[in-house]
Ligand code: FAD
Ligand code: NAD
């Protein structure tokens, strides 16, 4: 402890104010625990609000509007060439979207009596967190929740610069580069690649594996694959970025032995946990080889006073998982019988078209040699999809062949991210394909595709 530091006793310290941290803190406060959040930026929202989910979805909305305007030509509506002004776009994103939500979180914290202190939280010992920064102090806790999240993984020998951006820099939209290289064909490479392509950049995407969104079912991914094949200047699969060199006028990339020049590059090759240098060695917490904190179903670590939630605890690094874990940790600390016993963590890639899935995938079923039945409904047969001019999608359900119980679902198409919620609920509730087939879905809607996919399974 540094001489002169303020020392306080609190019930719970939460290190990190992202979705995992603030969800945990709010629930702790609701359960009557005095709770202090230590956040490096002295604000709630974390990567999700300031450099992740929210800004990327705001920009994807802009891209969707541009895409719709282009598509409208098909039915005789021509708005003329789009003119994008970056200053108002950035102002809208920062003030009307992020600023509004940030103020909302601050007022919820105030209403619940959660204090947010600014600075880096570092474990001094297994009972004390030292806050380094503006609000320097030592917090003695009964329990602590590590919710420090994650940061973009760097690419070896490729330092970031003004031209070589990570997702945080790219979300600021410093300009619309004429030629943009995107390294990584995962969530971020595709979402932000589509944003920049819609704004007018010629995007070249390089993915080292043989397909986009590795791990996701190919019959879903093909829909976004077809779209980016048209939208991007090039999609290079099985290709690695071998070197990236700055030149006076751009960046020169070596890909599969050949050099090509771009105005900017976006590196999106995954994320790593922010668990280094926070004094975890002063606790009994265990970490895996990649630095993720190991937790049990209660989000408890190997140290009885220390809990951990969110990206710091591993895959899938998604905000809704972090939020659920946050609530579980808070309830466990308050002595309630809570567990992260969810059957599914749904995933959505907010591309055009969206790709969403939850539960068992076909890929996983094949790997595990697990017998399943799959019911598919192509959106080409959907009335609603036709009225939207968007037949580019599919809904599929994966069921247990004996019982008909729903095990997984995958949806590709505009709005898939909303539609997957019904499948997630059905799986959590242990419903059968028959339950979905017999539920009246409003007509004409895309939600009927879940009912239709279920009906194909009943037909045998
Ligand atoms: P974070 O949100 O990373 O928050 C951690 C907080 O802790 C930060 O404020 C950080 O400054 C602070 N911190 C770190 N170390 C310390 C310390 N020692 N002391 C004090 N404070 C500290 N997920 C989705 O579910 N849907 C999406 O659409 C989506 N889109 C994304 C788009 C992008 C571009 C990115 C990068 C991510 C996206 N994600 C999305 C992932 C999502 O942002 C994360 O899963 C989520 O933010 C994790 O929440 P968290 O609370 O674990 O950590
Ligand atoms: P990712 O893991 O989704 O994708 C990284 C991709 O980069 C992979 O396809 C990988 O094969 C490829 N890659 C790795 N090294 C490479 C190299 N040297 N050259 C070429 N390709 C390479 O990671 P991401 O896109 O950076 O996103 C990070 C995480 O953030 C995601 O896994 C997800 O958890 C979260 N996220 C979620 C959303 C969402 O929910 N919609 C959106 C964005 C980010």
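Residue 328 falls short on exactly one of the conditions (1) within 27 Å of residue 60 (Cβ to Cβ); (2) more than 16 Å from ligand 2 (Cβ to nearest atom), and that condition is (1).
Restricting 51, 74 to those that are in contact (Cβ under 8 Å) with a residue 40 or more places away in the chain and under 30 Å from residue 117 (Cα atoms) reduces the list to 51.
Among the residues of segment 144-158 satisfying the criterion of being farther than 23 Å from residue 319 by Cβ and in contact (Cβ under 8 Å) with a residue 60 or more places away in the chain, which is surrounded by the fewest Cβ atoms within 10 Å (Cβ to Cβ)? Looking at the filtered set, the residue picked out is 157. Could you tell me whether residue 37 is in a loop (DSSP other than H, G, I, E, B) and either closer than 30 Å to residue 354 by Cβ or touching a helix residue (DSSP H, G or I) at 6+ places or on another chain (Cβ under 6 Å) (or both)? No.
Filtering 434, 402, 418 for residues that are farther than 23 Å from residue 340 by Cα and assigned to a helix (DSSP H, G or I) leaves a single hit, 434.
Screening the candidates 404, 335, 393, 291 for the property of being under 29 Å from residue 198 (Cα atoms) and more than 19 Å from the chain's Cα centre (by Cα) yields one hit, 393.
Out of segment 113-161, which residues are within 16 Å of ligand 2 (Cβ to nearest atom) and under 21 Å from the mean Cα position of the chain (by Cα)? Result: 147, 148, 149, 150, 151, 152, 153, 154, 155. Given the conditions (1) out of contact with any helix residue (DSSP H, G or I) (no Cβ under 7 Å at 6 or more places or on another chain); (2) within 23 Å of residue 153 (Cα to Cα), report the number of the one that residue 309 does not fulfil. Condition not satisfied by residue 309: (1).
Every residue, every condition in (1) under 26 Å from residue 197 (Cβ atoms); (2) surrounded by fewer than 17 Cβ atoms within 10 Å (Cβ to Cβ); (3) within 16 Å of ligand 1 (Cβ to nearest atom); (4) modelled with pLDDT under 95, yes or no:
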| residue | (1), (2), (3), (4) |
| --- | --- |
| 314 | no, no, yes, no |
| 343 | no, yes, no, no |
| 350 | yes, no, yes, no |
| 380 | yes, yes, no, no |
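Tell me which residues, restricted to segment 364-380, are assigned to a loop (DSSP other than H, G, I, E, B) and free of Cβ contacts under 8 Å to residues at least 24 places away in the same chain. Passing the criteria: 368, 369, 370.
Residues in segment 146-154: is at least one more than 9 Å from ligand 1 (Cβ to nearest atom), within 30 Å of residue 27 (Cβ to Cβ) and touching a helix residue (DSSP H, G or I) at 6+ places or on another chain (Cβ under 7 Å)?
Keep residues of segment 146-154 that are more than 9 Å from ligand 1 (Cβ to nearest atom), which gives 153-154.
Checking the rest, the ones that are also within 30 Å of residue 27 (Cβ to Cβ) come to none.
No: zero hits.
Scanning segment 58-86 for residues that are outside any loop (DSSP other than H, G, I, E, B) and exposed (fewer than 10 other Cβ atoms within 10 Å of the Cβ) yields 74, 75.
The requirement of being near ligand 2 (Cβ under 8 Å from one of its atoms) and either surrounded by fewer than 18 Cβ atoms within 10 Å (Cβ to Cβ) or more than 16 Å from the chain's Cα centre (by Cα) (or both) is not satisfied by residue 164.
Condition check ((1) within 25 Å of residue 150 (Cα to Cα); (2) assigned to a strand (DSSP E or B)) across all residues:
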| position | (1), (2) |
| --- | --- |
| 7 | no, yes |
| 10 | no, yes |
| 13 | yes, yes |
| 20 | yes, no |
| 24 | yes, no |
| 28 | yes, no |
| 32 | no, no |
| 42 | yes, no |
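A quick yes/no check of all residues on (1) touching a helix residue (DSSP H, G or I) at 6+ places or on another chain (Cβ under 6 Å); (2) under 21 Å from residue 370 (Cβ atoms):
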residue	(1), (2)
400	no, yes
421	no, no
424	no, yes
437	yes, no
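The values are calculated or read from the model by the stated rules, or taken from the named source; none is laboratory data. These numbers were taken from a predicted model, which means no experiment stands behind them. Every residue, glycine as well, gets a Cβ built from its backbone with ideal geometry; the counts of neighbours run over all protein chains shown.
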